[in-house]
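Participant: Dumping the structure here so I can ask a few things about it.
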Amino acid sequence: MRRLFPLAGPVSEPSARHEPAARSAPSGGEAPGSTAPEAAEPSTADRQWSLTEIADGYAYPPLEQGQFWLRGNMVASLDGAAHHDGRSQPLSCAADMRIFGVLRALADVVVVGAQTVRQEGYGGAKPREAFAQRRAAAGQTPAAAIAVVTSGLDLDFDSPLFTSPTTPTLLVTGAGAPPDRLAAARGAGVEVVLAGEGAAVEVDRVPALLGARGLRRQLTEGGPALLGQFAAADVLDELCLTVAPRLVAGGAPRIAHGPDLELPSDFALDSLLEEAGFLFTRYRRVRQSPE
């Protein structure tokens, strides 16, 4: 793997967003990277990066009390497909999976849509010895929680994702979700987070609600419908996108699927890595400073 951008010098830290005062996040836990070793010097040499180097390169910005950060991680083919035959794995590679694992290891919570859980066969995030000390120093649980965003709750609550996760799985839904499915979830011991009064999830509320539970370093892995909703709500702070040197054709959606935004959202390139033709990009949302 080699770094193509930036070639030298640090990238300026973006500012994290604050939660509404009524839902301030609880204290506890240092900002990510506060106890981490200094980032390795940028390298244009083509070599395998250590997990520590990748973690330093993808560290969350420092978060003060009441702040949170929502990062997306997706993969796309050269012709823009988000998956092949319903799954993202055919577009991935070993380096992509290393970055995927590191991003999970840095996060407090992985936010994912119910359809992606079903298609990809999601299980809970697993603790990794390589990150145990880093997570403990940051006040994090041994592994990230999984938060499933769903309106219909069409999920198997007897699956390992709900019965045996390292960190309890959360279910994010609306107060008007089907009562029998809500009862089934709660009966299985699943913690339910209500984001909206109707049946549909108000996704603009999700990052702050998770932040209020101390889950401030947030990672969403989609799928495309959920990422499109986050984009429409303008709550996505960062996007890590792997571009695979593969063509898919067919009718697969793009990484963000849904209605057109009123205006395109601007993102700035923070870093660009490459290995075997795969491009690993990291973009951050460009937001206007408050007056």
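Participant: How far, in nm, would the chain grow between Ala45 and Arg2 when pulled straight, counting 0.36 nm per residue and subtracting the alpha carbon separation?
Facilitator: Details: separation 43, 0.36 × 43 = 15.48 nm, distance 0.54 nm.
Fully extending the segment from Ala45 to Arg2 adds 14.9 nm.
Participant: Tell me, what HN-Hα J-couplings in whole Hz come from the Karplus equation 6.51 cos²θ - 1.76 cosθ + 1.60 at θ = phi - 60° for each residue of region 240-252, using x for Gly and Pro?
Facilitator: My calculation for region 240-252 gives 9, 10, 8, 9, 8, x, 9, 9, 10, 6, x, x, 4 Hz in order.
Participant: Cα-based Rg of the chain per 2.2 N^0.38 Å, rounded to two decimals?
Facilitator: Values: Rg = 18.4 Å, N = 291, 2.2 N^0.38 = 19.0 Å.
Compared with the compact-globule rule of thumb, the chain sits at 0.97.
Participant: To continue, here is another question. Sequence-distant or interchain residues sharing an amide H contact under 5 Å with Ala145, placed H: which?
Facilitator: The list, which skips near neighbours in sequence, is Val109, Val110.
Participant: Largest first and in whole Å, give the semi-axes of region 103-143's equivalent ellipsoid, each being the square root of 5 times a Cα gyration tensor eigenvalue. Write down the numbers at each step before the final one.
Facilitator: Details: eigenvalues 112, 19, 8 Å².
Over the Cα atoms of region 103-143, the ellipsoid semi-axes are 24, 10, 6 Å.
Participant: Can you tally the net charge around Ala177? Count Lys and Arg as +1, Asp and Glu as -1, for every other residue whose Cβ sits under 13 Å from the Cβ of Ala177. Write out the running numbers ahead of the final one.
Facilitator: Numbers: positive: Arg181, Arg186; negative: Asp154, Asp180, Glu197, Glu202.
Around Ala177, the surrounding residues sum to -2.
Participant: So if each residue of separation counts as 0.36 nm, and I subtract the Cα-Cα distance between Gln89 and Thr163, what length gain in nm does that give?
Facilitator: Working: separation 74, 0.36 × 74 = 26.64 nm, distance 2.50 nm.
That pair, Gln89 and Thr163, stretches by 24.1 nm at full extension.
Participant: I've got another one for you. How high is the relative contact order of the chain, in percent, with contacts defined as C-alpha pairs under 8 Å that are six or more residues apart? Display every interim value, and only then the final one.
Facilitator: Working: 620 pairs, mean separation 73.8, N = 291.
RCO, the chain: 25 percent.
Participant: Still on this structure, please answer the following. Would you pull out the residues with amide H under 5 Å of Val172's amide H, same chain only if 5 or more places away, H placed 1.01 Å from N?
Facilitator: Amide H neighbours of Val172: Val148, Val149, Thr150, Val193.
Participant: Excluding Val75 itself, what net charge comes from residues whose Cβ is under 15 Å from its Cβ, given Lys and Arg +1 and Asp and Glu -1?
Facilitator: Numbers: positive: Arg71, Arg87, Arg98, Arg104, Arg246, Arg254, Arg282; negative: Asp79, Asp85, Asp96, Glu120, Glu221, Glu274, Glu275.
Neighbour charge sum, excluding Val75 itself: 0.
Participant: Between Arg254 and Asp180, what is the spin-label point distance in nm, taking each point 7 Å from the Cα along the Cα→C-beta axis?
Facilitator: It is 3.9 nm.
Participant: Out of every Cα-Cα pair in region 142-291, what percent are more than 21 Å apart?
Facilitator: On the way: 6134 of 11175 pairs.
Tail fraction, whole percent: 55.
Participant: Another question, if that's okay. Sequence gap at least 6, Cα distance under 8 Å: using those rules, report the relative contact order of region 68-227 to the nearest whole percent. Please report the intermediate quantities before stating the final value.
Facilitator: Numbers: 293 pairs, mean separation 48.2, N = 160.
Across region 68-227, relative contact order equals 30 percent.
Participant: What's the local net charge at Pro168, with K and R +1, D and E -1, over the other residues with C-beta under 12 Å away?
Facilitator: Values: positive: Arg213; negative: Glu191.
Local charge sum for Pro168: 0.
Participant: Tell me, what is a quarter of the convex hull surface for the C-alpha atoms of region 46-146, in nm² with one decimal?
Facilitator: The number I arrive at for region 46-146 is 7.9 nm².
Participant: At a 10 angstrom cut-off on C-beta neighbours, averaged per residue, how do the peptides 171-179, 220-228 rank from highest to lowest?
Facilitator: Working: 171-179: 18.2, 220-228: 24.3.
The packing order, highest mean first, is 220-228, 171-179.
Participant: Here is a follow-up. Might you tell me the accessible area per residue for the chain, computed with a 1.4 Å probe and given in Å²?
Facilitator: Numbers: 13700 Å² over 291 residues.
Per residue, the chain has an accessible area of 47 Å².
Participant: Taking the Cα centre of each part, how many Å lie between region 204-218 and region 219-282?
Facilitator: When both Cα centres are located, 21 Å separates them.
Participant: So what is the calculated 222 nm ellipticity per residue for the chain, using -39500 (n - 2.57) for each DSSP H run with n of 4 or more, over all residues, to the nearest 500 deg cm²/dmol? Please report the intermediate quantities before stating the final value.
Facilitator: On the way: 8 runs with 66 residues, N = 291.
Result for the chain, helices only: -6000 deg cm²/dmol.
Participant: Can you pull the percent of the chain's accessible area that's carbon plus sulfur, 1.4 Å probe, other chains left in place?
Facilitator: On the way: 7180 of 13700 Å².
Reported share for carbon and sulfur atoms: 52 percent.
Participant: Per residue of region 271-288, in order, report the coupling 6.51 cos²θ - 1.76 cosθ + 1.60 (Karplus, θ = phi - 60°) as ³J(HN,Hα) in whole Hz, putting x for Gly and Pro.
Facilitator: Once θ is set to phi - 60°, the couplings for region 271-288 become 7, 9, 10, 9, 8, 6, x, 7, 10, 10, 9, 9, 10, 10, 5, 8, 10, 6 Hz.
Participant: So for region 218-270, averaging the separation of alpha carbon pairs under 8 Å that are six or more residues apart and normalising by length, what relative contact order in percent results? Mind showing how you got there, number by number?
Facilitator: Numbers: 31 pairs, mean separation 27.9, N = 53.
RCO, region 218-270: 53 percent.
The values are calculated or read from the model by the stated rules, or taken from the named source; none is laboratory data. Owing to the predicted nature of the structure, the values given are computational and were not obtained by experimental measurement. Counting neighbours? That spans all protein chains shown, and the Cβs are built from the backbone with ideal geometry, glycine included. Note: areas computed on protein heavy atoms with side chains; ligands, DNA, RNA excluded. Shrake-Rupley method; radii C 1.70, N 1.55, O 1.52, S 1.80 Å.
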